[in-house]
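Working notes for the structure below.
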């Protein structure tokens, strides 16, 4: 397998522009889905040493709630939505037009609401990337996980870890009525996706 | 009389030629591809998914080493030694030997190697990591004293060199000690 060279500032800037465009589309979809309540902003696109990934992403080592979508294939990646317990359940409640669930465990309906949110967000993101790189991307069905975030991100980083000691990560934040929420979308592209995105940008400019 | 406060003997990190030895009370996190050594009362912790946590401990000397192995084979690639099973294990043994822990007194405990995204994906690295680590430990003549591997859930593991135990936490399950 070929080693991947670390990204230059110029390449990171190109990738940032591409992810910003995809985030814009995903934000519009999220805004429609939540009736104007929630929007997204691109926080960062950065390359970090593999061993620092969990710390750099501020994942902590406590269990959290996540929805994961996989893009399989060479031009692929993993999209991980992370939610803190309180705000995740509030989102589910507002989508279901019900009070916030009182039980310790998430109900199937709450899980479904959050998973559907992941689906809408992920598909909007992937549709934008598909247009940008002119290659069809088909995400897996989203699935709901409650686990250590670092464990899940670790698996997502594997494809890049095979060819590089540094990993590229795109992180998106959420806002509700202008206030930042403790939710994130972490997108970890494969090397093939990185190359496809950079090639696409060079074709456009 | 010397008024300069001295650091308690048990609250320090010692830098050796090839590694850092954690000797402070508390836990030190071992990131992906890292190898750390700890001596009682220091503890080492890692959050594992498909990666495998390889713990080597010397029960009598109360010293232990934890590697956060990401992939099974280096295939000659230059990288941090802890990233690959075939480069991590020799380095771990050497680091412990430099602390006076003979190979014959070492035991191994391995954790992790989960398949976090189900079994349909192309990257079944967890299983490959488990197989490589098990084989390499056997080739190195190190006895496997315990393992908790596989499945589809992440693990938070903590190695305590004082006892030689590895504490394994899985979300929604009871804590296990191996």
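Every read-out reported here was derived from the displayed coordinates using simple, explicitly stated rules and does not represent laboratory data. Just so it is clear, the model here is predicted, and its values are computed rather than measured. FYI the Cβ positions are ideal-geometry reconstructions off the backbone, even for glycines, and counts take in every protein chain you see.
Express the relative contact order of region A:90-205 as a whole percentage, based on alpha carbon pairs under 8 Å and six or more residues apart in sequence. With pairs under 8 Å counted, the relative contact order is 18 percent.
Go ahead and run the numbers for FRET between residue A:52 and residue A:112, Cβ-Cβ distance against an R0 of 51 Å, rounding to 0.05. It comes to 0.90.
Ratio of the protein assembly as shown's C-alpha Rg to 2.2 N^0.38 Å, to two decimals? Show your work: numbers first, answer last.
Details: Rg = 22.2 Å, N = 383, 2.2 N^0.38 = 21.1 Å.
Ratio of Cα Rg to 2.2 N^0.38 Å: 1.05.
When each of B:68, A:10 is scored by the number of other beta-carbon atoms lying within 10 Å, the sequence from fewest to most is A:10, B:68. Dimensions of region A:54-205 based on its C-alpha atoms, expressed as ranges along the principal axes with the largest first, amount to 51, 30, 29 Å. Among B:69, B:107, the order by Cβ neighbours within 10 angstrom, fewest to most, reads B:107, B:69.
Each residue in B:177, B:163, A:172 was given a count of other beta-carbon atoms within 10 angstrom of its own, and listing them fewest first yields B:177, B:163, A:172.
Taking each residue of A:44-56 in turn, how many C-beta atoms of other protein chains fall within 10 Å of its C-beta, and what is the average?
Details: counts 0, 0, 0, 0, 0, 4, 9, 11, 4, 3, 5, 2, 1.
That works out to 3 on average.
Sorting check: for B:141-153, A:179-191, which peptide has the highest mean count of neighbouring beta carbons within 10 Å, and how do the rest follow?
Numbers: B:141-153: 16.0, A:179-191: 20.4.
Top to bottom by mean Cβ count within 10 Å: A:179-191, B:141-153.
Between A:85, A:116, A:35, the GNM of chain A built on Cα springs shorter than 10 angstrom shows A:35 fluctuating the most.
What does the structure give for B:48-54 when I average, per residue, the other chain Cβ atoms found within 10 Å of the residue Cβ? Intermediate results must be reported in sequence, preceding the final value.
Details: counts 4, 12, 7, 7, 0, 0, 0.
For this peptide, the per-residue mean of nearby foreign Cβ atoms is 4.
Based on the reciprocal of the average 1/r between different C-alpha atoms, the Kirkwood radius for region B:88-178 equals 14.4 Å. Label zone of residue B:99 (point 7 Å out along Cα→Cβ, amide N under 16 Å): in region B:20-48 this covers B:20-31, B:34-46.
Using 1/(1 + (r/R0)^6) with R0 = 41 angstrom and r between the beta carbons of residue A:163 and residue A:35, what's the FRET efficiency to the nearest 0.05? Could the numbers behind the result be given before it?
On the way: r = 43 Å, r/R0 = 1.04.
Plugging the Cβ-Cβ distance into 1/(1 + (r/R0)^6) gives 0.45.
Considering every residue in B:70-80, what mean count of other chain Cβ atoms within 10 Å of its Cβ is obtained? Walk me through the intermediate numbers first.
Numbers: counts 8, 3, 0, 0, 0, 2, 0, 5, 2, 5, 4.
That average works out to 3.
Pairs of Cα atoms under 8 Å, at least six residues apart: use those to get the relative contact order of region B:26-177, whole percent. Can you show the working numbers first?
Details: 389 pairs, mean separation 43.5, N = 152.
The normalised contact order for region B:26-177 reaches 29 percent.
Taking the inverse of the mean 1/r over every pair of distinct Cα atoms in region B:26-177 gives a Kirkwood hydrodynamic radius of 15.0 Å. In chain A, the longest principal axis of the Cα atoms and the axis of helix A:191-204 are about 70 degrees apart. If R0 is taken as 25 Å, the Cβ-Cβ distance between residue A:12 and residue A:130 corresponds to a FRET efficiency of 0.70. For the residues A:139, A:63, A:99, a GNM of chain A with alpha-carbon springs under 10 Å puts the largest fluctuation on A:99. Label-to-label distance, residue A:94 versus residue A:143, with points set 7 angstrom from Cα along the beta-carbon direction: 2.9 nm. Pairs of Cα atoms nearer than 8 Å and 6+ residues apart set the relative contact order; for chain A it is 34 percent.
Note on region B:118-178 and region A:71-106: Cα centroid distance 29 Å, given to the nearest whole angstrom.
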